[in-house]
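The values are calculated or read from the model by the stated rules, or taken from the named source; none is laboratory data. Just so it is clear, the structure is predicted and the values come from calculations on it, not from any experiment. Reconstructed Cβ throughout: ideal geometry from the backbone, glycine too, with neighbour counts over all protein chains shown. Accessible surface areas use protein heavy atoms only, side chains included; no ligands, DNA or RNA. Shrake-Rupley method; radii C 1.70, N 1.55, O 1.52, S 1.80 Å.
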Amino acid sequence: MLSLTSKYALRAMICLTQFEDECPISGKLIAERTNVPSRYLSKILGDLVRHGVLTSTRGKKGGFRLARPAKKIALHDVLTPFETGLTAQRTCPF
């Protein structure tokens, strides 16, 4: 069973794939579209940036975007920062 944090991370990633070719998407917009509390989502997005899944841009027109094409991001990449036990595995458990 996935943690709530992992579920929220997946929601955010699905949202970001819908805007893959557009400018960075604000955390506020992602929170609104995914129905995730914005402060909680901010931490999740920060973790995904630190793990190289997302990139972020500061400023008025800043936001988040996928670090690489969606087809090259594995489920394992998204879940590893939030699920203990996945870090020891080298392949996706799904």
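When T57 is tested against (1) modelled with pLDDT under 95; (2) in contact with a Gly (Cβ under 8 Å, 6 or more places away or on another chain); (3) closer than 23 Å to L4 by Cα, just one condition goes unmet, and that condition is (3).
Of all the residues in region 2-21, those that are open to solvent by 50 Å² or more (accessible area, probe 1.4 Å) and without any contact (Cβ under 8 Å) to a residue 40 or more places away in the chain number 6. Scanning region 53-84 for residues that are loosely packed, with under 12 Cβ neighbours inside 10 Å and free of Cβ contacts under 8 Å to residues at least 24 places away in the same chain gives R58, G59, K60, K71, K72, T84.
When restricted to residues that are open to solvent by 70 Å² or more (accessible area, probe 1.4 Å) and assigned to a helix (DSSP H, G or I), region 43-52 contains 2.
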